[in-house]
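Report on the structure given below.
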Ligand code: GDP
């Protein structure tokens, strides 16, 4: 995971780690390499600039800590700033004061929405909740069937009204069904499109207004790099997202999306998807990913 950025950042900082004394030139040279490493990882140019400026400023006016060498202190600053860039601390899901909690999953087709819906349902089940999956993707052929198959696999009920019904009605009826069944979490798999378009956003907004969900989570594919960030900005602008699920982080992704989404949109990444197999979603821990990147 994120091997490219990990090895280039480690290389950039490796020269500093062993040095007993650091000159300003040493720091400047390392920051140039950090900058290139982040750009190569497809991190947004503006984000890279702010990041490097902040690290440089802190590293040159260095906070002195007796237990660390100057080089180790720069590495620590990079670690802290990487963690901060990705949101600081883990952000949990908001749960409704009065159940059921309603979670709407939105995103483009192929991002991994249906898979994430099932993984999220499984996470809730493992935490002693009673989730209900709602199949509101009426456009993609087989999406409803796919959700039913996954639901069976993880033993979570799936509510559907076929693909002729209005998605907003499906979502509303799904919530009523949850109350009838005593389910305490409703996870709605909404329709995606190949590209962002107005009818999609209008439909999702109608659904959001009708249901007032506790969470509107964007499912976005980490492999698409900066496109993922653009998609997140656009969905956030239209819908007011409460968080992001970043999928396919197990693949050969350069890391730009993981490092930029939060800074570009202000939306926290709440979970990551690490494979096609239906397992509970992994909560996103910025500090753990930062230390994994820095080795
Ligand atoms: P949807 O159109 O957004 O509902 O997307 P799907 O859930 O059908 O997923 C599209 C494809 O991506 C499927 O082949 C999934 O198995 C795959 N996929 C979903 N999440 C992940 C993930 O975290 N990692 C990997 N490697 N593949 C994933």
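The values are calculated or read from the model by the stated rules, or taken from the named source; none is laboratory data. Keep in mind that this is a model prediction, so the values were computed, not measured. Glycine gets a Cβ as well: all are built from the backbone with ideal geometry, and neighbour counts include every protein chain shown.
Observations
- Once the stretch 252-282 is narrowed to residues that are within 16 Å of the ligand (Cβ to nearest atom) and within 9 Å of the chain's Cα centre (by Cα), the residue that is surrounded by the most Cβ atoms within 10 Å (Cβ to Cβ) is 257.
- With a requirement of 1 or more residues that are modelled with pLDDT of 95 or more and in contact with a strand residue (DSSP E or B) (Cβ under 8 Å, 6 or more places away or on another chain), the helices (runs of 4 or more DSSP H) lying completely within the stretch 65-167 that satisfy it span 113-126, 143-154.
- Residue count for the stretch 78-102 satisfying the condition of being over 20 Å from the mean Cα position of the chain (by Cα), surrounded by fewer than 19 Cβ atoms within 10 Å (Cβ to Cβ) and farther than 30 Å from residue 199 by Cα: 3.
- No other residue among 217, 211, 194 is at pLDDT 95 or above and within 16 Å of the ligand (Cβ to nearest atom) apart from 217.
- Check on residue 179, over 27 Å from the mean Cα position of the chain (by Cα), in contact (Cβ under 8 Å) with a residue 40 or more places away in the chain and outside any loop (DSSP other than H, G, I, E, B): yes
- Take the conditions (1) under 22 Å from residue 264 (Cβ atoms); (2) in a helix (DSSP H, G or I); (3) at pLDDT 90 or above; residue 4 misses just one of them, which is (3).
- All of (1) surrounded by fewer than 20 Cβ atoms within 10 Å (Cβ to Cβ); (2) away from the ligand (no atom under 12 Å from the Cβ); (3) closer than 23 Å to residue 290 by Cα hold for residue 236 with one exception: (3).
- Candidates 105, 122 - the one that is surrounded by fewer than 24 Cβ atoms within 10 Å (Cβ to Cβ) and within 16 Å of the ligand (Cβ to nearest atom): 122
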